[in-house]
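Student: I'd like to ask you about the structure that follows.
Read-outs throughout are calculated quantities, based only on the coordinates presented, and are distinct from any laboratory measurement. Predicted model, so just to flag it, every value in this text is computed and none were measured. So basically every Cβ, Gly included, is an ideal-geometry build from the backbone, and we count neighbours across all protein chains shown.
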Amino acid sequence: MKALFVAHSCELSGANRSFLSNIIALNNRMDITVLVNKKSGPLQDELIAHGVNYIYIPYSWWYAHARNKWYKRIIRYGIDFLKYYVCRIVSYCYLKRIDLSIYDVVYTNTSTVDIGARIALKNKIPHIWHIREFGNADFGFLPVVSRYSQKKIFKKSARIILISKALEYQYSFIESEKRIVIYNGFNISKLISKQDHKLNINLVNVLITGQVSESKGQVQGIRAVANLREKGINIELTLAGNVDQDYLKAACKKLGDTKKWLHVLGPVSDMKALRESMDLELVCSRSEAFGRVTIEAMLHNIPVIGAHTGGTPELISDCKTGMLFEYGNVNQLEEKVLLLIKTPSLYNKIQLKARVYASQFTLEHTVSQILKQIYSVVNKKF
């Protein structure tokens, strides 16, 4: 079987790490070629290292990226709108040089690019969409084509894979037989901590992983930690991920000098090493589609406190596999952090239960489910 896998970017974001893991696991089961929209990048480096072929074609997102300030949103929307339609023309010229009829299935990672769906429709090939984000609710993306056109293309896909039940609800306009929830899978042996993590009550280190932006809600964690410090708790916060400086500046407004306790690292290549020194991890997102970092923290014996939104409640059972707080309620988040610090027995109970729970999210199980869906749509073709 020959499959064309479509990447939405060439960076190693959480979505692309899941994408790459699936490709590596599936590459010995089928002949995979990956379509990329840049000539080089970290994703291509990994594909080369694992002997996976890729093709470059300049295509763009059919969403405009979010910006915090209204005038920046307008400018960004105009740029992304033009980029999308220019790239559609250019990609059409590139695609004419490629024999696409050799592929049995097209698989697109995330909902942000439509080139895979268009290739599949034109060449009458089954298309699978693996959707990993809400779009507007979690990242503030705005479509550069009409919602009607988007829904029409989604409906024409052979299968829609969604990474949580919360996300599936957003796509309830698609026939139920086409939708399936498949949770992300992880290479457990590489992520699980081999040592028991002991809470350091003399200096509590809290981590938030992911892009520092409005959609990820780090302001709640920053203010909760600031409040706890005012109450005499020796606690520090580390942010790991790309930073929207305007958002970070607004989040720290009126907090005075934060340099002593707020550590902004930017992107971190070795998260496992960073988590060795962490006691708690927060997931403050406005609407997390799944929560890859939630499972990673659980495997590392770090209790997670997450906002009760999106797919997070599907992963965290309050006071069992983690703790939940009402999104936007900084006082409640502060109380949950303090409860874990002051109750070692609860901290240890959550560590154990969360680690056992997270261990079921194996890459092997996820890949087997994806493979089943691929064979299902390909067999219908013949």
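Student: Once every DSSP H run of n ≥ 4 in the chain is given -39500 (n - 2.57) and the sum is divided by its residues, what mean residue ellipticity at 222 nm do you get, rounded to the nearest 500 deg cm²/dmol?
Tutor: Estimated from H runs of four or more residues: -12500 deg cm²/dmol.
Student: Going 7 Å from the Cα of Leu121 along its beta-carbon direction, which residues of the stretch 144-167 have the amide nitrogen within less than 13 Å of the resulting point?
Tutor: 145-158
Student: Continuing with the same structure: Please report, for the Cα atoms of the stretch 73-222, the Rg to one decimal and the Dmax as a whole number; what are they, in angstrom?
Tutor: Over the stretch 73-222's Cα set, Rg and Dmax evaluate to 20.0, 64 Å.
Student: Could I ask something else about it? List the pair-distance distribution P(r) of the stretch 188-358, using every Cα-Cα distance, as the percent of pairs falling in each 10 Å bin from 0 up to the bin containing the longest distance, rounded to whole percents.
Tutor: Each 10 Å bin holds this share of Cα pairs: 10, 44, 38, 8, 0.
Student: Right, another one. Quick one: which of 43-50, 370-377 comes out on top by average Cβ neighbours within 10 Å, and what's the full order, highest first?
Tutor: 370-377, 43-50
Student: Same structure again: Under 11 Å from the Cβ of Asp138, count the other residues' Cβ atoms, weight Lys and Arg +1, Asp and Glu -1, and hand me the total.
Tutor: Spelling it out: positives minus negatives among the neighbours equals 0.
Student: To one decimal place, what Kirkwood hydrodynamic radius in Å is obtained for the stretch 98-154 from all pairs of distinct Cα atoms?
Tutor: Value: 12.3 Å, from the Cα pair sum.
Student: Starting with the fewest neighbours, write out Asp138, Asp270 ranked by other beta-carbon atoms found within 10 Å of each beta-carbon.
Tutor: Asp270, Asp138
Student: Rounded to the nearest 0.05, what FRET efficiency do Ile89 and Phe173 have when you use their Cβ-Cβ distance and R0 = 30 Å?
Tutor: Efficiency at R0 = 30 Å is approximately 0.50.
Student: Return Val34, Val356, Val181 ranked ascending by Cβ neighbour count within 10 Å, so the fewest neighbours appear first.
Tutor: Val356, Val181, Val34
Student: So which DSSP H runs in the chain come out at 20 Å plus along the axis (Cα) with average Kyte-Doolittle of at least 0.0?
Tutor: 70-95
Student: A further question follows. Could you check the spin-label model distance between Tyr56 and Met30? Points 7 Å from the Cα along Cα→Cβ, value in nm.
Tutor: 2.6
Student: OK, next. With springs only between Cα atoms under 10 Å apart, run a GNM on the chain and tell me which of Gln150, Gln220, Gln195 wobbles the most.
Tutor: Most flexible of the set in this elastic network: Gln195.
Student: Cut-off is 10 Å between beta-carbons; in what order do Thr108, Thr209 appear when sorted fewest neighbours first?
Tutor: Lowest to highest Cβ neighbour count: Thr209, Thr108.
Student: Extension gain Asn136-Leu265, at 0.36 nm per residue separation less the Cα-Cα distance, in nm?
Tutor: Full extension of this stretch gives 43.8 nm more.
Student: Comparing Thr258, Thr33, Thr321, which has the greatest mean-square fluctuation in the GNM of the chain with Cα pairs linked when under 10 Å apart?
Tutor: Between Thr258, Thr33, Thr321, it is Thr258 that shows the largest mean-square fluctuation.
Student: Looking at the chain as a GNM with Cα springs under 10 Å, which of Gly256, Gly14, Gly311 has the largest mean-square fluctuation?
Tutor: Fluctuation is largest for Gly256.
Student: Within the set of other residues whose C-beta is less than 11 Å from the C-beta of Asn68, count the net charge using Lys and Arg as +1 and Asp and Glu as -1.
Tutor: +3
Student: Please express the Cα-Cα pair-distance distribution P(r) of the chain as a list of whole percents, one per 20 Å bin, running from 0 to the bin with the greatest distance.
Tutor: With a bin width of 20 Å, the distribution comes to 27, 56, 17, 0.
Student: When the convex hull of the C-alpha atoms of the stretch 161-205 is computed, what volume per residue in Å³ does it have?
Tutor: 118
Student: At each listed q (0.14, 0.20, 0.22 Å⁻¹), what is the log10 of I(q)/I(0) that the Debye formula gives for the stretch 273-348 modelled as equal alpha-carbon point scatterers?
Tutor: Computed log10 I(q)/I(0) values: -0.39, -0.81, -0.98.
Student: For the stretch 1-146, which semi-axes, largest first and in whole Å, follow from the square roots of 5 times the eigenvalues of its Cα gyration tensor?
Tutor: 26, 18, 14
Student: Of Lys165/Lys353; Lys124/Lys190; Lys72/Lys231; Lys69/Lys165, which pairs sit farther than 28 Å apart, going by alpha carbon to alpha carbon?
Tutor: Over 28 Å Cα-Cα: Lys124/Lys190; Lys72/Lys231; Lys69/Lys165.
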